[in-house]
Amino acid sequence: MSAAQDPAERLRREVDLAIQRGFKGVNYLTSGAPEVGQSRKDVLATRGTMRLYHYHPLVDEVYRVPVLIVMATTNRGYILDLAPGNSFVEYLLKAGYDVFMLDWAAPVPAEKNLRIEDYVLDFIPDCLRRIRKETGENDVSIAGYCFGGVLSLLFTALAGKEGPKNLVCFTTPIDFKQMKLFQNWSSQKHFDVDRLVDTYGNVPPEMIHSSFEMLRPASRAAAQVTLWDNIWNDEFVRGYRQLDRWGNDTLPLAGEYFRQTTKELMWGNKLFTGELTIGGKRVDLGAIKQPILHAVAEHDHIVPYEAARHLIARVGSKDKTEVILKGGHVSLLAGPNAARRMWPKLDEWLGERST
Amino acid sequence: MSEKAENKSEKAGAKKDERPKGPLDAFRDLVGQWERGVNQIANEAMGNEQFSRLMHGATSAAAGAKAGLGDAMERYLATMNLPSRADITSIGERLQAIEAQLNRLTEIVSTMATVDTAPASLAPKPKRTRKPPARNSGAKP
């Protein structure tokens, strides 16, 4: 009988783990928040909610075309730079990309009037202008994550020649009717978005966080049990705390931006029907001619595949690729499985188009 | 399993798999089943119109209470000759407009400058001549 099968040995091991859980549990409760976003970077621009970072290259020779990552407006960008050795940004830097990130700070009450137009026709073009000035390159690739992907898509559709050289979208919804639970929660019949925005100004982060948590209501409790079970495992606890910190670090949303998103996209589904206008111009996804890669996750509970699947068919690009990978909304792009699946796939696609 | 939990499990996945089966494994399986079951039942419950109506009834009541409290507080602060949140927000808006104007002026001055200015970034400037490597499946940079 091997040691693993020996009941006495198994019992001894469980007792050993129980003791370690006690010690490590105390350590867990008394230690500070984990460090995140440690890749060296310069802050190129700070303008209200907008933050533009330039990461320090890690190789002597980079691709000619820099890449701008556009983060979702609900969450912090450090999910893509969690820790050395577990960082999408670090991977790109080591692979030879000149990496910039458009990240968001919490909009202050005075920014409650920001609209989608401000993000699409002001913040993104402003970042591109600064990147072009910084690098001396006119060509820039854009990679948008979640709603950052939607904003990147809208910008590319409207920008014409000022648009990016390549466009990458991660888990980007265009058919909002397929986001079933969010649809029900924002039902026009019951949800008075005007009252909410008029009362609060910006939508409180607790509300955004709760809506994400409600998609999987039992998972927080189950995750706590899993944490207790694995609290003896330092590597597990480190990863847990980094993700937990990020998950709880939800941003408020600018009130008008939220009102517009609810009315135009959730209620009207206008991006999908082709009726969406931004800054007086109709958004035609067919006007996108750039090479485009759309990466979606098989088990995405926030943006289900049905909500994202029509993107590739709708764009006018000849060079277009959709990849469906195992994983969920976050694990598509962050964590060990992303490092094995998504990151090399992106490098392969983008490297060829970045010279 | 939630996205977060999924990531957490992935993180320690290899180590957990290596661990020999223990007396707590049945409990772990039970937790997994409980999570999936509750999530599924809750998703079905939250997908109906009644839930939406109740949820927004509660949200609306909270918003109403906040609005009422806000009005009362504003009157109280005015009586005490103190600035309200709206006053502070208004000052914030004006400051932001000044900041935006300053940014525009800085841009103009920067464009007008005839001498070469230092780049905004302090990062070292690598050559921009990299070519993609010949690909092998699973190759890492």
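The values are calculated or read from the model by the stated rules, or taken from the named source; none is laboratory data. Just so you know, these numbers come straight off a predicted model, no measurement behind them. With ideal geometry, Cβ positions are generated from the backbone for all residues, glycine too; neighbour counts draw on all protein chains shown. In case anyone asks, the SASA skips ligands and DNA or RNA and just uses the protein heavy atoms, side chains included. Shrake-Rupley method; radii C 1.70, N 1.55, O 1.52, S 1.80 Å.
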- Message: Quick check on region A:291-308: of everything there that is in a loop (DSSP other than H, G, I, E, B) and free of Cβ contacts under 8 Å to residues at least 60 places away in the same chain, which residue is surrounded by the fewest Cβ atoms within 10 Å (Cβ to Cβ)?
- Response: A:298
- Query: Scanning region B:75-85 for residues that are surrounded by 13 or more Cβ atoms within 10 Å (Cβ to Cβ) and assigned to a helix (DSSP H, G or I), which turns out nearest to the other protein chains (Cβ to nearest Cβ)?
  - Reply: B:85
- Query: Among the numbered criteria (1) free of Cβ contacts under 8 Å to residues at least 12 places away in the same chain; (2) at the interface with chain A (Cβ under 9 Å from one of its Cβ atoms), which single criterion is violated by residue B:72?
  - Reply: (2)
- Residues in region A:326-343: is at least one farther than 30 Å from residue B:93 by Cβ, away from chain B (no Cβ under 14 Å), out of contact with any helix residue (DSSP H, G or I) (no Cβ under 8 Å at 6 or more places or on another chain) and assigned to a loop (DSSP other than H, G, I, E, B)? no
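One line per residue, one yes/no per condition, for (1) of a type in the set (Asp, Glu); (2) farther than 13 Å from residue A:307 by Cα; (3) away from chain B (no Cβ under 14 Å):
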| position | (1), (2), (3) |
| --- | --- |
| A:147 | no, no, yes |
| A:174 | no, no, yes |
| A:186 | no, yes, no |
| A:205 | no, yes, yes |
- Task: Being in contact with a Phe, Trp or Tyr (Cβ under 9 Å, 6 or more places away or on another chain), closer than 18 Å to residue B:25 by Cα and either of a type in the set (Gly, Ala, Ser) or surrounded by fewer than 17 Cβ atoms within 10 Å (Cβ to Cβ) (or both) is the filter here, so list the residues in region A:222-251 that pass it.
- Result: A:222, A:223
- Query: Out of all the residues in region A:203-210, is one or more within 23 Å of the chain's Cα centre (by Cα) and at pLDDT 90 or above?
  - Reply: yes
- Those residues of region A:155-189 which are in a helix (DSSP H, G or I) and crowded, with 24+ Cβ neighbours inside 10 Å amount to A:155, A:156, A:157
- Scan region B:92-104 residue by residue and report those that are over 26 Å from the mean Cα position of the chain (by Cα) and either on the phi > 0 side of the Ramachandran plot or surrounded by 12 or more Cβ atoms within 10 Å (Cβ to Cβ) (or both). B:103
- Taking residue A:281, is it free of Cβ contacts under 8 Å to residues at least 24 places away in the same chain and either of a type outside the set (A, V, I, L, M) or open to solvent by less than 20 Å² (accessible area, probe 1.4 Å) (or both)? no
- Message: Of the conditions (1) modelled with pLDDT of 85 or more; (2) part of a helix (DSSP H, G or I); (3) surrounded by 21 or more Cβ atoms within 10 Å (Cβ to Cβ), residue A:259 satisfies every one except a single condition; which number is it?
- Response: (3)
- Note on the structure: With criteria (1) of a type in the set (D, E, K, R); (2) more than 20 Å from residue A:80 (Cα to Cα); (3) facing chain B (nearest Cβ under 9 Å), residue A:235 comes up short on (2)
